[in-house]
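Have a look at the structure below before the remarks.
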Amino acid sequence: MGLKTAQYQAIMREYEKRQMRNHDILKMHHKKVYDTIPEYRLLDESISSLSVEHGKRLLDGDKTAVDELKKKLEEIRVRKEELLKSAGFPSDYLDPVYVCKDCHDTGYVGNEKCHCFKQAIINLLYEQSNLKGILEAENFEHYSLDLYSSNYIDPKSGRSARESAKAAYDTAMNFIKNFDKEFQNLFLLGDVGVGKTFLTNCIAKELIDRGFSVLYMSASGFFSALADKAFGKDDTDAQNIFDLIHTCDLLIIDDLGTEYTNKFVASQFFTCINERLLSKRSTIISTNLSLDSLADLYTERSFSRITSNYTMIRLFGDDIRLAMKLKKV
């Protein structure tokens, strides 16, 4: 997703503030040098008068004017360096001040966004994702299949918890790898504590770090945001969240089924997932519900959309949160 105009302008305003701070710092440096070394100020002032003088000579036909000006300017440069050094100033004390020396704090190198601009985008994406801070711990660096037992066998599939987790991991990797090439959606099922939210957070971090916009919402927060919009709540933040729900590259709805469900909730859920399907914007949904319960609560239409357009991931086993705590002991 490209940056919205407001987001782009917010980043550019930060660059403008940075440039103003840099200008003030350089101005302060010049004042300090001028106050400490009066001769340095005189030399700076002499440059403009020398340029005017030799410019007139050049217009009058004096072909030696340019070379003489270059010579005198070089003498002034050398003298200024000597003065700075003798007064104890660093040699680059009066050089332009930049936070990013690659783009000179413009955000661009030529026509391309600078690496610092790209990082600013990622920082903004973290802020709007609702996951800032969480992803420092919940990411693939801390993901381990050892948390799933090979002895815990699911009677329905005949697979172990570890085999199921490995299949889920492979599906997640494929989802990330092909995110900008293939339109995919994921639906994670499983009991409390089997790692559904952890896996979705791992996916979120990988995609945010690649510059995609991700919005995480608990099911209750998700439906609350839709209700605020539906019932005309006059709130800029509410409007922004509603817009993000429909336009972010990846929407994560966590713990579907924990919210109070009625006809309005079921209708809003169908509308949102259907609109995101039509616009080919990916969604990940996690739930403790069975598929039968999902159909009962959110209508057959929603059930049909999900089963037809989402890759199902089923996790089971012991509570990995307890296993992670024991691992740290």
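The values are calculated or read from the model by the stated rules, or taken from the named source; none is laboratory data. This one's a predicted model, so the numbers in the text were calculated from it and none came from an experiment. Cβ coordinates were reconstructed from backbone atoms using ideal geometry, including for glycine residues, and neighbour counts include every protein chain displayed. Areas reflect the complete protein model, heavy atoms only, side chains present, ligands, DNA and RNA absent. Shrake-Rupley method; radii C 1.70, N 1.55, O 1.52, S 1.80 Å.
Seen against the Cα atoms of the chain and their longest principal axis, helix 65-86 is set at about 70 degrees.
A quarter of the convex hull surface defined by the alpha-carbon atoms of the range 13-161 gives 17.7 nm² as the mean projection. Mean projection of the Cα convex hull over all viewing directions, computed for the range 61-117: 6.6 nm². Every Cα-Cα pair in the range 96-152 was counted, and those over 17 Å apart are 61% of them.
Evaluated at q = 0.09, 0.18, 0.23 Å⁻¹, the base-10 log of the normalised Debye intensity for the range 90-213, with identical point scatterers placed on the Cα atoms, takes the values -0.41, -1.03, -1.34. Cysteines in the chain lacking any other cysteine Cβ under 4.7 Å from their own Cβ: 202, 248, 272. Restricting the calculation to Cα atoms, the range 12-54 shows an Rg/Rh of 1.20 when the hydrodynamic-style radius is the Kirkwood one. From the alpha carbon centroid of the range 244-276 to that of the range 46-110 is 62 Å.
Compared with the direct C-alpha span, the chain from residue 52 to residue 183 gains 40.6 nm at full extension, assuming 0.36 nm per residue. Given 37 °C and 0.692 mPa s, how large is the Stokes-Einstein diffusion coefficient of the range 12-90 in µm²/s, with Rh as the Kirkwood radius over Cα pairs? Translational diffusion coefficient: 222 µm²/s. What the Cα convex hull of the range 153-237 gives, in volume per residue, is 144 Å³. Carbon-plus-sulfur accessible fraction, the range 74-181 (probe radius 1.4 Å, protein heavy atoms only): 49%. With axes computed from alpha carbons, what is the tilt in degrees of helix 291-309 against the longest principal axis of the chain, rounded to the nearest 10 within 0 to 90? Compared with the principal axis, the helix lies near 60 degrees. Per residue, the solvent-accessible area of the range 95-216 (1.4 Å probe, heavy atoms of protein chains only, all protein chains present) comes to 51 Å². Between helix 196-209 and the chain there is an angle of about 20 degrees, using the helix long axis and the longest principal axis of the Cα atoms. Taking the square roots of five times each eigenvalue of the Cα gyration tensor of the chain, the equivalent ellipsoid has semi-axes of 62, 24, 17 Å, listed largest first. Taking a point 7 angstrom from the Cα of residue 159 along the C-beta vector, which residues in the range 181-210 have backbone N less than 12 Å away? Counting backbone N atoms under 12 Å from the label point, the list is 189. Distances between every pair of Cα atoms in the range 157-307, grouped in 10 Å steps from 0 to the bin holding the largest one, split as 10, 40, 37, 12, 1, 0 percent.
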